[in-house]
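See below for the structure under consideration.
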Amino acid sequence: MIGVAISCYSAHAHFINPLLENIYTSTIKPAQVALSCSSWDKDEIVTGFYKDIPIKIKYSKIVINQAENRNIAAGMLNTELISFIDADDLMHPQRLEYIIKAFQQSSYDVIYHNFEGKIDDHYNDPFEPLDPLHISDKAFVIDPNHSLGLLLPGLENGLNLHNAHVTVKQKIMKRFKFDENWEAYRSEDSLFARMLVENRVSCGYVNNKLSRYMGWTPKN
């Protein structure tokens, strides 16, 4: 089973329903969805369904960062696989399908993947058809020239990897957490990836654009 863990805060409240609808259109629906929503006007845990998908939402009045929201959301799932996405991003309809296949066809404990970057005006653009599943058999290594970065040896230049859109096995999430210290703010997803590699967790990469990262500025 696969579950989806969503990090959110009050300024992104308007993204929640579009993302849930986006997830609902997946070719394979998640067994559970969990959201941690901070800087809200209440402290409350709500359980229910989005259509036929079980969902749990934890609202918090306090200001917390993405790392803590991710850890909280993951902790509300009991699925074998936990797939992260942020509230203001979107999934390709086949994202969960491809991720499940990638785990089934490999021995990896963690899967990262490529993504498409869009500016906000293109939030509702149709998703392009995907090429056949392409799993890299190349190991991740630490980039010695970047304090946060990883390298994918043997792959062509210009590949994208979205650190925040990672999928991990439940057993890995029980061992490792996103760094909740504010010193790691906006770097916590990269630091999480680096921590996994440093601890020899087997990480795989799918070179298919399985998510849409919004607010992205193309490089010149």
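Only the coordinates and a few stated rules stand behind these numbers; no lab work does. Because the structure is predicted, anything quoted here is derived from the model rather than measured. Please note: Cβ atoms are built from the backbone with ideal geometry, for glycine as well, and neighbour counts cover all protein chains shown.
In plain terms, the residue of Lys209, Lys177 with the fewest other Cβ atoms within 10 Å comes first and the most crowded comes last, giving Lys177, Lys209. Under 13 Å Cα to Cα from Lys177, which aspartates and glutamates show up? Leave out anything in the same chain fewer than 8 places away. Straight-distance partners of Lys177: Glu68, Glu188, Asp189. Per-peptide packing, taken as the mean over residues of other Cβ atoms within 10 Å, places 109-117, 79-87 in the sequence 79-87, 109-117 from highest down. When DSSP beta bridges are restricted to pairs lying wholly in the chain, around 40% turn out antiparallel. Where a ≥ b ≥ c are the square roots of the eigenvalues of the C-alpha gyration tensor, would you call the range 71-116 rounded, which needs a/c under 1.5, or, failing that, prolate if a/b is larger than b/c, or oblate? It is oblate, given that a/c is not under 1.5 and a/b is not larger than b/c.
Does the chain classify as rounded, prolate or oblate by the C-alpha gyration tensor (a ≥ b ≥ c root eigenvalues; a/c under 1.5 gives rounded; else a/b over b/c gives prolate, otherwise oblate)? Rounded is the answer for the chain, as its axis ratio a/c remains below 1.5.
Taking the fewest neighbouring Cβ atoms within 10 Å as the starting point, the ordered list for Arg200, Arg212, Arg175, Arg95 is Arg200, Arg175, Arg212, Arg95. When the chain is described by a simple charge dipole with +1 on each Lys and Arg Cβ and -1 on each Asp and Glu Cβ, the residue from Ile23, Gln170, Ser39 located farthest towards its positive end is Gln170.
In the chain, the calculated helix contribution to ellipticity at 222 nm averages -5500 deg cm²/dmol per residue, counting -39,500 (n - 2.57) for every DSSP H run with n ≥ 4.
How far is helix 66-75 tilted off the main Cα axis of the chain, in degrees rounded to 10, range 0 to 90? The helix 66-75 is inclined about 80 degrees to the chain.
Cβ crowding within 10 Å, taken as a proxy for footprinting-reagent exposure, orders Leu159, Leu152 from fewest neighbours to most as Leu159, Leu152.
Relative to the longest principal axis of the Cα atoms of the chain, helix 95-104 runs at roughly 50 degrees. To the nearest ten degrees, helix 188-198 and the longest principal axis of the Cα atoms of the chain are 40 degrees apart.
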